[in-house]
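The values are calculated or read from the model by the stated rules, or taken from the named source; none is laboratory data. Treat the numbers as computed from the prediction; the structure is a model and nothing was measured. Reconstructed Cβ throughout: ideal geometry from the backbone, glycine too, with neighbour counts over all protein chains shown. Side chains included, ligands, DNA and RNA excluded: accessible areas come from the protein's heavy atoms. Shrake-Rupley method; radii C 1.70, N 1.55, O 1.52, S 1.80 Å.
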Amino acid sequence: MPTNLPKKALIAITSHSGAFYPDGGINGAFYTEILHPYLALTSAGFTVDLASETGTYTIDPYSLSSQFISGDDVAIVADAEHPLNKLLSGAVKKASNLISDDYGMFFASAGFASVYDYPTASVLQSVASDVWDRGGVVAAVCHGGAIFPGVKDSKTGKSIVDGLELTGFSTEADKLAGVLDKIHEDGVLTTEESAVKAGGLYVAPPAPFDDFSVTSGRLVTGANPFSARSTASAAIAAFEAL
């Protein structure tokens, strides 16, 4: 493993929140897409930091519903002293305060809100680009791939996903969730559209909400909230193979 790759991961969090759902509910960061990677990474011996572009974030209330929170997660959500919740309550960093050399892995968590701010999150993009240029692992789950058009390979000047297979929340899934029209009305791209824009070879999961991830060397992507844990595990495997 290269000596310039600390066993430390940055989990990026969307800083966007606004009225989004058909019932008027707000979007934001998807809790389990932070929690499950955090648990997998810390269990594997990684130190983990959390950061958003602005240093602020809002948890999407929808992500705390029983559709997504079950099993051991129920107790974690309710435990203010859980290490992740303590980080979320007072230690989410502003991207401009990060030192990119500190990280050997960049993991973009998501939520529908990510398609609004990740495409212009230039500092988070630069951190991911630096991790990539140093030979590290860059990963994203669900809508986290919205960041990829701006994550460049310094050798080619193109997105790091150019010519690589990747997955993410499909446009079909956005339609099934009832939010595709809203995304397009607001003038932003779906995750699948972002992948194509960046030159990636998008691979849809067998069914929109199946647990599904794709590893393309040092690029690891997952399809939806139910893929967050397996995507993190695949990212860890990619890191250990360096």
For Phe68, only one of the following conditions fails: (1) in a loop (DSSP other than H, G, I, E, B); (2) free of Cβ contacts under 8 Å to residues at least 24 places away in the same chain. What is its number? (2)
Look at Asp174 and say whether it is of a type in the set (D, E, K, R) and surrounded by fewer than 23 Cβ atoms within 10 Å (Cβ to Cβ). no
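Yes or no, residue by residue, for (1) free of Cβ contacts under 8 Å to residues at least 12 places away in the same chain; (2) within 24 Å of Ser233 (Cα to Cα); (3) open to solvent by less than 60 Å² (accessible area, probe 1.4 Å); (4) out of contact with any strand residue (DSSP E or B) (no Cβ under 6 Å at 6 or more places or on another chain):
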residue	(1), (2), (3), (4)
Leu87	no, yes, yes, no
Asn97	no, no, no, yes
Ala108	no, yes, yes, no
Tyr116	no, no, yes, yes
Leu124	no, yes, yes, no
Ser129	no, yes, yes, no
Under 8 Å by Cβ, and 6 or more places apart or on different chains, what pairs join a residue from the range 133-144 that is free of Cβ contacts under 8 Å to residues at least 40 places away in the same chain and more than 17 Å from Ile13 (Cα to Cα) with one that is among the hydroxyl-bearing types (Ser, Thr, Tyr) and not in a strand (DSSP E or B)? Asp133/Ser154
Under the condition of being part of a loop (DSSP other than H, G, I, E, B) and more than 11 Å from the chain's Cα centre (by Cα), which residue from the range 85-111 is farthest from Lys7 (Cα to Cα)? Ala91
What residue, of Gly168, Gly144, is surrounded by 23 or more Cβ atoms within 10 Å (Cβ to Cβ), assigned to a helix (DSSP H, G or I) and modelled with pLDDT of 95 or more? Gly144
Is there a residue being open to solvent by less than 30 Å² (accessible area, probe 1.4 Å) and more than 22 Å from Ser15 (Cβ to Cβ) anywhere in the range 182-198? no
If I filter the range 17-25 for residues that are modelled with pLDDT of 95 or more and within 14 Å of the chain's Cα centre (by Cα), do I get at least one hit? no
Could you figure out which of (1) under 17 Å from Ala228 (Cβ atoms); (2) in contact (Cβ under 8 Å) with a residue 12 or more places away in the chain isn't true of Ala91? (1)
Test: Leu5 is aliphatic (A, V, I, L, M) and over 15 Å from Ala108 (Cβ atoms): yes
Counting only residues that are of a type in the set (Val, Ile, Thr) and in a loop (DSSP other than H, G, I, E, B), which one in the range 1-52 is most open to solvent (accessible area, probe 1.4 Å)? Thr3
